[in-house]
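A.B. asks: My structure is below; once you've seen it, I'll send some questions.
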Amino acid sequence: MKLTIVEYPNKKLKEKSLRVEKFDSELHDLLDAMYPIMMESNGIGLAAIQVAHAKQVLILNIPEEDGEQPYENLLEMINPVITHKSGTTTYQEGCLSVPQFYEDITRYENITVNYQDRDGNTKTLEADGLLSIAIQHEVDHLNGILFIDKLSYSRRKKFEKEYKKLQKEKKRSS
Ligand code: Y12
Ligand code: CO
């Protein structure tokens with residue numbers, strides 16, 4: 001399965017993803033194809049909608065202290081639902097669908113998430129720190145929400161201007 005990352009302002013990113021009902025080889029092929037594209041792009045999280053599949057599927061591989069991202073640390077979440085949220089934390093976020101842009105975003109510090117694994121088994125995970133932030137960022141993607149949607153009006157306007165300029169430069173040099 002050949003996948004490419006959908007970039008803002010593509011409207012696909014605004015789509016709400018659908019619940020996964022079948023835990024079959026089609027789902028496994030999608031998950032298996034998402035992993036290399038995330039790693040090749042130096043990502044730590046990727047939602048299926050970012051590769052144009054509107055399914056409630058996300059993957060995460062949070063770097064260890066030495067920056068390594070061993071395959072064993074890969075987390076696959078299907079149909080995730082955040083059931084508990086508390087505290088707040090601010091982190092400079094980036095997104096593979098919004099290249100070259102990073103911004104401080106405030107989210108919940110602690111969360112509990114219910115999800116299914118690739119075989120449909122139900123799981124519960126309590127998360128804090130970077131994992132909690134990454135899960136919230138990716139679950140937002142499943143609802144058509146990007147981290148730039150959380151910016152203030154003036155910061156968003158500044159972003160749009162800077163992003164358009166970057167896109168023009170990219171086009172010129174390609
Ligand atoms: C904290 C904040 C955000 C997340 C969501 C997952 N985000 C990413 O995985 C972002 C990756 C990313 C990688 C980039 O590539 C390099 O750094 C080489 C990048 O750079 C460019 O676009 C030039 C931007 C974003 C999880 C946790
Ligand atoms: Co993202």
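The values are calculated or read from the model by the stated rules, or taken from the named source; none is laboratory data. What you see is a predicted model; the values in this text were computed from it and never measured. A quick note on method: Cβ atoms are made from the backbone with ideal geometry, for glycine too, and the neighbour counts reach across all protein chains shown.
A.B. asks: Hey, can you tell me all the residues within the stretch 115-144 that are touching a residue at least 60 places away in the same chain (Cβ under 8 Å) and either within 15 Å of ligand 1 (Cβ to nearest atom) or touching a Pro at 6+ places or on another chain (Cβ under 9 Å) (or both)?
C.D. replies: Initially, the stretch 115-144 is screened for residues touching a residue at least 60 places away in the same chain (Cβ under 8 Å), giving 116, 118-120, 130-131, 134-135, 137-139, 141-144.
Within the stretch 115-144, GLN116, LEU130, LEU131, ALA134, ILE135, HIS137, GLU138, VAL139, HIS141, LEU142, ASN143 qualify.
A.B. asks: So, restricting to strands (runs of 3 or more DSSP E) that lie completely within the stretch 1-96, which ones have at least 2 residues that are modelled with pLDDT of 95 or more and in contact with a Lys or Arg (Cβ under 9 Å, 6 or more places away or on another chain)? Explain how you work it out, then say what you get.
C.D. replies: On the way: elements: 45-47, 57-60, 75-86, 89-95.
Filter on the stretch 1-96 gives 75-86, 89-95.
A.B. asks: Kindly indicate whether any position in the stretch 104-118 is touching a strand residue (DSSP E or B) at 6+ places or on another chain (Cβ under 7 Å), among the acidic types (Asp, Glu), within 16 Å of ligand 2 (Cβ to nearest atom) and in a helix (DSSP H, G or I).
C.D. replies: If we filter the stretch 104-118 for residues that are touching a strand residue (DSSP E or B) at 6+ places or on another chain (Cβ under 7 Å), which is where we start, we get 104-118.
Still in the list and also among the acidic types (Asp, Glu): 104, 109, 117.
When the remaining residues are screened for being within 16 Å of ligand 2 (Cβ to nearest atom), the result is 104.
From what's left, in a helix (DSSP H, G or I): none.
Within the stretch 104-118, not a single residue is touching a strand residue (DSSP E or B) at 6+ places or on another chain (Cβ under 7 Å), among the acidic types (Asp, Glu), within 16 Å of ligand 2 (Cβ to nearest atom) and in a helix (DSSP H, G or I).
A.B. asks: Considering (1) more than 23 Å from GLY129 (Cβ to Cβ); (2) loosely packed, with under 15 Cβ neighbours inside 10 Å, say which one GLU72 fails and leave the rest.
C.D. replies: Of everything listed in (1) more than 23 Å from GLY129 (Cβ to Cβ); (2) loosely packed, with under 15 Cβ neighbours inside 10 Å, GLU72 misses just condition (1).
A.B. asks: Let me ask something additional. For the stretch 14-33, does any single residue satisfy the condition of being under 12 Å from the mean Cα position of the chain (by Cα) and crowded, with 19+ Cβ neighbours inside 10 Å?
C.D. replies: We begin by selecting, within the stretch 14-33, every residue under 12 Å from the mean Cα position of the chain (by Cα); these are none.
No, every residue in the stretch 14-33 fails to be under 12 Å from the mean Cα position of the chain (by Cα) and crowded, with 19+ Cβ neighbours inside 10 Å.
A.B. asks: Pairs only if they're at least six apart or on different chains, beta carbon under 7 angstrom, first in the stretch 23-47 and in contact (Cβ under 8 Å) with a residue 40 or more places away in the chain, second within 13 Å of ligand 2 (Cβ to nearest atom) and assigned to a loop (DSSP other than H, G, I, E, B); list them, first residue then second.
C.D. replies: That search, which allows pairs on different chains as well, returns SER41/ILE5; SER41/LEU96; GLY43/LEU96; LEU46/LEU96.
A.B. asks: Considering only residues of the stretch 95-114 that are β-branched (Val, Ile, Thr) and over 20 Å from LYS164 (Cβ atoms), which is nearest to ligand 1 (Cβ to nearest atom)?
C.D. replies: Kept after step one, since they are β-branched (Val, Ile, Thr), are these residues of the stretch 95-114: 98, 105-106, 111-113.
Remaining after also requiring over 20 Å from LYS164 (Cβ atoms): 105-106, 111-113.
Details: ILE105: 8, THR106: 12, ILE111: 13, THR112: 18, VAL113: 14 Å.
My answer is ILE105.
A.B. asks: Follow-up question, since we're still on this one. Within the stretch 131-154, which residues are within 12 Å of ILE105 (Cα to Cα) and either within 11 Å of ligand 2 (Cβ to nearest atom) or in a helix (DSSP H, G or I) (or both)?
C.D. replies: Filtering the stretch 131-154 for residues within 12 Å of ILE105 (Cα to Cα) gives 133-134, 136-137, 146-152.
Within the stretch 131-154, ILE133, ALA134, GLN136, HIS137, LEU146, PHE147, ILE148, ASP149, LYS150 qualify.
A.B. asks: Something else now. Which residues, counting only those in the stretch 78-94, are within 16 Å of ligand 1 (Cβ to nearest atom), without any contact (Cβ under 8 Å) to a residue 60 or more places away in the chain and within 22 Å of GLN50 (Cα to Cα)?
C.D. replies: Answer for the stretch 78-94, where residues must be within 16 Å of ligand 1 (Cβ to nearest atom), without any contact (Cβ under 8 Å) to a residue 60 or more places away in the chain and within 22 Å of GLN50 (Cα to Cα): ILE82, TYR91, GLN92, GLU93, GLY94.
A.B. asks: So, one more: Give the residues of the stretch 77-101 that are under 14 Å from the mean Cα position of the chain (by Cα) and of a type outside the set (S, T, N, Q), sorted by residue number.
C.D. replies: MET77, ILE78, PRO80, GLU93, GLY94, CYS95, LEU96, VAL98, PRO99
A.B. asks: So if I check each of LEU46, LEU31, LEU75, LEU58, which one is of a type in the set (A, V, I, L, M, F, W, C) and more than 13 Å from ligand 1 (Cβ to nearest atom)?
C.D. replies: Numbers: LEU46 fails: more than 13 Å from ligand 1 (Cβ to nearest atom); LEU75 fails: more than 13 Å from ligand 1 (Cβ to nearest atom); LEU58 fails: more than 13 Å from ligand 1 (Cβ to nearest atom).
The unique qualifying residue is LEU31.
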